[in-house]
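The values are calculated or read from the model by the stated rules, or taken from the named source; none is laboratory data. As the structure is a computational prediction, the values presented were derived from the model and not from experiment. Virtual Cβ from ideal backbone geometry, glycine too; neighbours counted across all protein chains shown.
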Amino acid sequence: MFDSIDSRMLYTALVGLVVVMRLFELAVSRRNVGRLKARGAVEIGRSHYPVMAAVHALFLASCVAEVWLADRPLVSLLASFSLGLLVGAAALRFWVMSTLGERWSTRILILPESEPVDTGPFRHLRHPNYLAVVIEFAALPLVHSAYLTAAVFSAANAAVLVRRIRVEEDGLAEHSDYLGVMGEKPRLIPGAK
């Protein structure tokens, strides 16, 4: 059955599935932002949010464009490994979302005087959601050998995350005992300091 289907079509459908997941996450985020603001949450880091959103949108478009325009091959071993990483990243992202509950959003909202979450994946890392994004930016393009997209957008994402993590940690430290609770934990890589 799949012999007659171009692997690029299947890959495009995979990217489409990721887009649907992101749209679901944005809907959850919008709902949670409303709830958090009603509880007195303060948004920080608004200036870099449009850049982050643009990087994510261009990344997804680039995945498909590179595969079709540069006629990237499907390399079975690389595709299998990358799909495994992608599934792991999605599982980590949903673990983060379920752990944070209504405190999860794509924006940085600080609930003054609330304790930092240190359960679920936050027992091990300060920013497990960003680790999931880093993995996704490498793995999704490599499912179909889009190595330029993986390299360029991983670098762009890293630049965004450097700023975002600094802003988020500064805001959390200002409004809670963030450093006391999370300061000894690695940011993105388990076991690293």
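Tell me yes or no: at least one residue of the stretch 68-85 is touching an Asp or Glu at 6+ places or on another chain (Cβ under 6 Å) and in a helix (DSSP H, G or I). Among the residues of the stretch 68-85, not one is touching an Asp or Glu at 6+ places or on another chain (Cβ under 6 Å) and in a helix (DSSP H, G or I), which makes the answer no. Only one entry of 55, 64, 96 meets the criterion of being β-branched (Val, Ile, Thr), within 15 Å of the chain's Cα centre (by Cα) and closer than 24 Å to residue 11 by Cα, and that entry is 55. Across the stretch 103-112, which residue is modelled with the lowest pLDDT among those that are assigned to a loop (DSSP other than H, G, I, E, B) and more than 14 Å from residue 31 (Cα to Cα)? In this case the residue turns out to be 112. Selection over the stretch 108-141 of residues that are within 8 Å of the chain's Cα centre (by Cα), over 30 Å from residue 73 (Cβ atoms) and not hydroxyl-bearing (Ser, Thr, Tyr) gives a count of 1.
For the stretch 168-185, a tally of residues being in a helix (DSSP H, G or I) and in contact with a Lys or Arg (Cβ under 7 Å, 6 or more places away or on another chain) returns 1. Quick one: in the stretch 90-104, which of the residues that are of a type in the set (A, V, I, L, M, F, W, C) and touching a residue at least 40 places away in the same chain (Cβ under 8 Å) is surrounded by the fewest Cβ atoms within 10 Å (Cβ to Cβ)? If we take residues in the stretch 90-104 being of a type in the set (A, V, I, L, M, F, W, C) and touching a residue at least 40 places away in the same chain (Cβ under 8 Å), then 90 is surrounded by the fewest Cβ atoms within 10 Å (Cβ to Cβ). When you check residue 65 against the structure, is it closer than 21 Å to residue 142 by Cα, of a type in the set (A, V, I, L, M) and assigned to a helix (DSSP H, G or I), yes or no? Answer is yes for this residue.
Could you list, in sequence order, all residues of the stretch 179-193 that are in contact (Cβ under 8 Å) with a residue 40 or more places away in the chain, within 18 Å of residue 164 (Cβ to Cβ) and not β-branched (Val, Ile, Thr)?
Across the stretch 179-193, the qualifying residues are 182, 185, 186, 187, 188.
Can you confirm whether the stretch 78-96 contains a residue that is farther than 22 Å from residue 31 by Cα, at pLDDT 95 or above and of a type in the set (Ser, Thr, Tyr)? So far as the stretch 78-96 goes, yes, one or more of its residues are farther than 22 Å from residue 31 by Cα, at pLDDT 95 or above and of a type in the set (Ser, Thr, Tyr).
Here is a yes/no grid of residues against (1) over 18 Å from residue 40 (Cα atoms); (2) buried (at least 21 other Cβ atoms within 10 Å of the Cβ); (3) without any contact (Cβ under 8 Å) to a residue 12 or more places away in the chain:
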site	(1), (2), (3)
88	yes, no, no
106	no, no, no
115	no, no, no
118	yes, no, no
127	yes, yes, no
138	yes, no, no
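Within the stretch 140-154, being without any contact (Cβ under 8 Å) to a residue 60 or more places away in the chain and surrounded by 22 or more Cβ atoms within 10 Å (Cβ to Cβ) holds for one residue alone: 150. Conditions: (1) aliphatic (A, V, I, L, M); (2) in contact with a Phe, Trp or Tyr (Cβ under 9 Å, 6 or more places away or on another chain); (3) not in a helix (DSSP H, G or I). Residue 100 meets all but one. Number of the miss? Exception for residue 100: condition (3). When only residues in the stretch 4-29 that are touching a residue at least 24 places away in the same chain (Cβ under 8 Å) and more than 15 Å from the chain's Cα centre (by Cα) count, which is nearest to residue 99 (Cα to Cα)? Across the stretch 4-29, the extreme among qualifying residues is 14.
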